[in-house]
Amino acid sequence: MQFRPLVSLIVFIGSYLPLGLILLAQDFRYELLSTPMCWPPDGDICVLPLRNGVFPIAIFATCLVCFLISLGALAVVNPKNLIDVSEIKHVPAELMSYTLPYVVTFMSLEFQETGKFVGLLIFLGWMFVITYRSGQLILNPFLTVFGWRLYEIKYRFPGDASDRGGRVLSKVILEHDKRYRQSPLQEIMLIKSEYRDGSN
């Protein structure tokens with residue numbers, strides 16, 4: 001199964017939900033916490049305590065919606081192909097490329113500084129193209145918060161003696177010499193549960 005470009009973009013944007021929250025927190029005017037909040041702002045009666053209006057809220061909301069769609073997409077995947085796992089190696093999440101945009105946000109990124117903001121968008125755009133083309137889009141370190149883990153495994157298909165290798169994103173902790181149901185997604189296999197005789 002291969003993600004379509006639009007779905008891939010949704011998954012990518014959703015993976016940066018924490019970045020959207022950081023940008024929102026950096027834009028918040030904490031000195032106005034005691035002032036009543038409202039939209040639209042009404043002078044001295046109530047305010048929207050953000051330096052750039054609804055723009056940071058829109059970014060955060062977009063990331064949140066995309067992330068919820070991503071979780072929903074993972075939830076509807078129904079692994080059916082059986083594999084017998086012989087070797088397992090847990091792979092820590094690839095954090096370097098994922099955390100670079102976070103480093104940029106702490107380098108005094110301001111929405112008013114158009115050049116810096118456009119530069120961040122270009123950087124994220126290139127990261128999207130690279131992760132999409134490499135088939136690594138689903139390897140989102142943020143998913144570890146929700147119980148997903150990445151493995152490199154050696155496996156066989158039932159009735160086939162040849163060993164194969166691959167990467168697995170699994171909702172369960174994998175064990176040697178056990179059978180699992182998997183579904184390919186880009187170049188990654190998804191596993192949600194161990195196979196048990198008689199289960200559908």
### Message
From the list Cys63, Cys38, exactly one residue is open to solvent by 30 Å² or more (accessible area, probe 1.4 Å) and either farther than 30 Å from Arg156 by Cβ or under 14 Å from the mean Cα position of the chain (by Cα) (or both). Which is it?
### Response
Cys38
## Note on the structure
Note on Lys154: of the conditions (1) under 22 Å from the mean Cα position of the chain (by Cα); (2) modelled with pLDDT of 90 or more, unmet is (1)
### Message
Can you list residue pairs whose Cβ atoms sit under 8 Å apart, with the first residue in the range 175-188 being open to solvent by 80 Å² or more (accessible area, probe 1.4 Å) and the second being basic (Lys, Arg)? Count only pairs 6 or more apart in sequence or on different chains.
### Response
Glu187/Arg167
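For the range 41-60: of the residues being among the aliphatic types (A, V, I, L, M) and surrounded by fewer than 16 Cβ atoms within 10 Å (Cβ to Cβ), which is farthest from Met189 (Cα to Cα)? Steps first, please.
Filtering the range 41-60 down to residues among the aliphatic types (A, V, I, L, M) leaves 45, 47-48, 50, 54, 57-59.
Now drop any that are not surrounded by fewer than 16 Cβ atoms within 10 Å (Cβ to Cβ), which leaves 45, 54, 58.
Working: Ile45: 55, Val54: 39, Ala58: 33 Å.
Among those that are among the aliphatic types (A, V, I, L, M) and surrounded by fewer than 16 Cβ atoms within 10 Å (Cβ to Cβ), it is Ile45.
The values are calculated or read from the model by the stated rules, or taken from the named source; none is laboratory data. Everything numeric here is computed off the predicted structure, so don't read it as measured data. Note that each Cβ is placed from the backbone with ideal geometry, even for glycine, and that neighbours are counted across all protein chains shown. Accessible surface areas use protein heavy atoms only, side chains included; no ligands, DNA or RNA. Shrake-Rupley method; radii C 1.70, N 1.55, O 1.52, S 1.80 Å.
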